[in-house]
Number of protein chains: 2
Amino acid sequence: MSSLVKELNLDRVVVVLVSTRNPLNIGAAARAMSNFGFGELRLVNPYEPSFREARSAVGAAELLKRAKQYSSVAEAVADCTLVVGTTAGRDREPQLELRPLEEAGRKIRGATMKGRAAILFGSEKRGLSNDDFTNCHWLMRIPTRDEHSSMNLGQAVAVCLYELIRDCKTVVVRETQNPATAEQVELLSEVLFETLEASGYVKPKTEKATNAKLRHLVRRLKLSADDAVSLLGMLRKMQWKVKSK
Amino acid sequence: MSSLVKELNLDRVVVVLVSTRNPLNIGAAARAMSNFGFGELRLVNPYEPSFREARSAVGAAELLKRAKQYSSVAEAVADCTLVVGTTAGRDREPQLELRPLEEAGRKIRGATMKGRAAILFGSEKRGLSNDDFTNCHWLMRIPTRDEHSSMNLGQAVAVCLYELIRDCKTVVVRETQNPATAEQVELLSEVLFETLEASGYVKPKTEKATNAKLRHLVRRLKLSADDAVSLLGMLRKMQWKVKSK
């Protein structure tokens, strides 16, 4: 997408909070979402189940009540066609492209013209984990100082959402392409790994690293939904052959 | 200032929190300031004197310790040449120009090339008061939804500061003009009011409104420091004459 993307489909932006510890931060995220017109909040393993009463969610109680809970990132982003991770560091995950916030905003706006876009925020203490990163297509970074890069979660959400709406005048729905959902990509990654494992490609010592490498690779392909279905069919055929030997 | 102002003098931005009630919000403001490289925090009548230990100021304890306290907005912005108020409303103060955040950011960046620029944030419940507004040259507004415009204080500070640093590559000091400080403008407003009062211009029933009108008018003049000194001299002369009658 070029820098000319001035439209955003608000309903297709999904804010995903992963392993948030402080319910006040969940409330603050909900409030910023409501301030800027976003409505879809999803939570992966929140630390404190009582978050729905968070006082800081002034004016966003409804949004918070509607928020869905998931036990894994993969489930939370299953229906999304773009998954973007946020990070305070400059080199947290060298396998993923790291985009400045403005560029990221344009890309996400563009993506909402085709499907749902998820933005992942990690826990207050550790941010997103390496496992979380394997669900992401790329990462975005708020331009904080290197000497003090770690932002408060609610403030980080506010700044990212502001950047999304900052420069766009219209909010519309337009269907153009049909990219693969995260669920399809996830399934493809799994079947690819299993097939390679059954083929003896995966070494026990490096199994975890190999899995992460594959997951990143599959996400870099930016598959269409049709291609994902085709590839999955091919892989399943191979897997059947390999396992029947 | 044109849209080409890509430079910001970080040291000349002053964040002023007016009558903040929750010390956690002061801490959150300090943290966002530190994240984005700002250092000058000033507090006008904070509700809770224990704010300096605010836990939310992760990484910004020093900045919080250095923060100065004032008993009036006028004192807090005395050395500033531009004073900008923040508001969630679209029509809080019809006498003051209301700028969108992006335009405001450019103007503030430009102003830091000449002197200190203060950004005022009001209390959590009420925002800035009409009296606070009489200290401002103009207002800026974060583009929140009309249906839910009121932001959390810490998040509002984070978004405003992000907008200031977002689009500028360099941070430099450059001396060009020499605008009047808020202290000079304040003094001028007072002497003008006293002189008009002594002249019978001020009616008891509308005294407060007249004073506010004058304060806004003087700030719209955008005086240079030299002109402020000249005008003050003239007014004092008139005042002396009027009172000696």
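The values are calculated or read from the model by the stated rules, or taken from the named source; none is laboratory data. Computed from a prediction, not measured in an experiment: that's the story for all the values here. Neighbour counts run over all protein chains shown; Cβ positions are idealised from the backbone, glycine included. Calculation scope for accessible area: heavy atoms of the full protein, side chains included, ligands and nucleic acids excluded. Shrake-Rupley method; radii C 1.70, N 1.55, O 1.52, S 1.80 Å.
See the values below:
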item: Count of the stretch B:90-100 residues which are open to solvent by 20 Å² or more (accessible area, probe 1.4 Å) and in a loop (DSSP other than H, G, I, E, B); result: 7
item: Qualifying residue in the stretch A:26-43 (condition: open to solvent by 70 Å² or more (accessible area, probe 1.4 Å), within 20 Å of the chain's Cα centre (by Cα) and not polar (S, T, N, Q)); result: no
item: Yes/no for A:VAL84 being under 16 Å from A:ALA156 (Cβ atoms) and away from chain B (no Cβ under 14 Å); result: yes
item: Qualifying positions in the stretch B:121-151 - assigned to a loop (DSSP other than H, G, I, E, B), within 20 Å of B:GLU102 (Cβ to Cβ) and over 14 Å from the mean Cα position of the chain (by Cα); result: B:ILE142, B:PRO143, B:THR144, B:ASP146, B:SER149, B:MET151
item: Any hit, the stretch A:201-213, residues being aromatic (Phe, Trp, Tyr) and not in a loop (DSSP other than H, G, I, E, B); result: no
item: Qualifying residue in the stretch B:56-73 (condition: surrounded by fewer than 15 Cβ atoms within 10 Å (Cβ to Cβ), more than 13 Å from chain A (Cβ to nearest Cβ) and assigned to a strand (DSSP E or B)); result: yes
item: Hits in the stretch A:76-100 (condition: closer than 14 Å to A:SER129 by Cα, modelled with pLDDT of 90 or more and not hydroxyl-bearing (Ser, Thr, Tyr)); result: A:VAL84, A:GLY85
item: Subset of the stretch A:125-137 that is surrounded by fewer than 18 Cβ atoms within 10 Å (Cβ to Cβ) and not basic (Lys, Arg) - its residue that is farthest from the other protein chains (Cβ to nearest Cβ); result: A:ASP131
item: Count of residues meeting criterion [open to solvent by less than 20 Å² (accessible area, probe 1.4 Å) and over 27 Å from A:ALA28 (Cα atoms)] in the stretch B:106-124; result: 8
item: Of the criteria (1) modelled with pLDDT of 90 or more; (2) open to solvent by 30 Å² or more (accessible area, probe 1.4 Å); (3) of a type in the set (Phe, Trp, Tyr), which one A:TYR201 fails; result: (1)
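Here is a yes/no grid of residues against (1) more than 18 Å from A:SER149 (Cβ to Cβ); (2) out of contact with any Leu (no Cβ under 7 Å at 6 or more places or on another chain):
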site	(1), (2)
A:GLU93	no, no
A:LEU96	no, no
A:ILE108	yes, no
A:THR112	yes, no
A:ARG116	yes, yes
A:GLU124	no, no
